Amino acid sequence: MSTYRDEAIVLRKLDYGEADRIFTLLTREHGKVGAIAKGVRRTSSKLASALELFSHIDVQLARGRGALDVITQVVRMPGHRLEADVERTAHAGLIAELADRVCEDRHPVEGVFELTNFALQELALESDPRRASMYFLVRALDLLGYAPQLDGCANCERQLPAAPAAFVPPLGGFLCPDCIQPGMTEVPAAGLKVLRLMAAGDIELYRRLKLEGGLVDILENVLEAQLEHHLDRQLKSIRFLRQMRSTPSART
Ligand SMILES: [Zn+2]
């Protein structure tokens, strides 16, 4: 059997048979790969500890006869580990689900591995997981070519003034005060500023930014609506995050 080695992120896992587990790995060079770790659920397994969900690994794989490759060696890469709280895990689930959704098996999509790895590291570092998750969504929309238009009005094309604007997912952008229709949800000018800053990719500046909770709610809705408009199915992780937000006690 021929073998190969790559860096990967563990996107999904599924118990299989008596003691095996099947993993979906996002590799740097080989795209998304399905792989089986044999005997990994036995306490004696040397593979188990490195193969936690969302971990960044250095992995050796043997090409299998079917769709699945076989994990023969794995070590965890150095880096920050995600705390296992419910909210952080739910956001990591969104990052992994989106990577899984936009990649086909064994076809690397440029930039997806790097963004996924970066976003999970940022999520481990950031005190508020929602902030890291928003930054990821902006970068992911940009990478996929779905970035919302932030400069001109999506209807009249005039420069958006420093005033509240309404986001319209099918238009991929915002409406200026002259074009807003009654009943539309408005995003304050400060929200547009934060979106522009994230779109510019200045993570250092973004980390230092103070974001008030109400604004985070609004921006999260904009980014999720934009993403869902472009995906044919809803993301399970977004549905879960929304449920969690609506029942605050579940966030502890
Ligand atoms: Zn307008």
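A few notes on this one:
- Approximate spin-label separation Glu29-Arg65, in nm, with each point projected 7 Å along Cα-to-Cβ: 2.7 nm
- GNM flexibility winner over the chain from Ala67, Ala154, Ala48 (Cα, springs under 10 Å): Ala67
- Counted by neighbouring Cβ atoms within 10 Å, the residues His56, His230, His91 run from fewest to most as His230, His56, His91.
- Calculated Rg and Dmax of region 3-76 using C-alpha coordinates, Å: 10.8, 31
- Shown here for region 1-52: chymotrypsin sites (Phe, Trp or Tyr not before Pro) in loop regions (DSSP other than H, G, I, E, B) with at most 11 other Cβ atoms within 10 Å, of which there are none.
- Length released on extending from Val109 to Leu209, taking residue separation times 0.36 nm less the Cα-Cα span: 32.9 nm
- Overall form of region 62-149 per C-alpha gyration tensor (a/c, 1.5; a/b vs b/c): oblate
- At q = 0.14, 0.15, 0.19 Å⁻¹, base-10 log of I(q)/I(0) for region 124-212 (Debye sum, equal scatterers on each alpha carbon): -0.52, -0.59, -0.90
- Residue with peak Gaussian network fluctuation, the chain [Cα springs, cutoff 10 Å], from Met184, Met198, Met77: Met184
- Likely footprinting exposure, Ile218, Ile238, fewest C-beta neighbours within 10 Å first: Ile218, Ile238
- Simple point charges give the picture: +1 on the Cβ of Lys and Arg, -1 on the Cβ of Asp and Glu, and for the chain a dipole about the Cα centre of about 800 debye.
- Distant alpha-carbon pairs in region 86-251 (separation over 26 angstrom), percent: 27 percent
- Span-rule helices in the chain, defined as complete DSSP H runs reaching 18 Å or more along the axis (Cα) with Kyte mean at least 0.5: 112-125
- Applying a DSSP loop filter and a limit of 10 other Cβ atoms within 10 Å to the GluC sites (Glu not before Pro) in region 1-77 leaves Glu18.
- Taken as Cα centroids, region 172-235 and region 113-135 sit 17 Å apart, rounded to the nearest whole angstrom.
- Those trypsin sites (Lys or Arg not before Pro) in region 157-252 that DSSP places in a loop and that have at most 13 other beta carbons within 10 Å: Arg158, Lys210, Arg233
- Magnitude of the charge dipole for region 1-72, about its Cα centre and with charges confined to Cβ atoms of Lys, Arg (+1) and Asp, Glu (-1), is about 140 debye.
- Once the Cβ-Cβ distance of Ala48 and Gln181 is raised to the sixth power relative to R0 = 41 Å, the FRET efficiency obtained is 0.15.
- Candidates Gly145, Gly93, Gly34, ranked by Gaussian network fluctuation over the chain, Cα under 10 Å, top entry: Gly145
None of the figures in this text is laboratory data; all of them are computed from the coordinates on show. Predicted model, so just to flag it, every value in this text is computed and none were measured. Ideal geometry is used to build each Cβ from the backbone, glycine not excepted, and the neighbour counts take in all protein chains shown.
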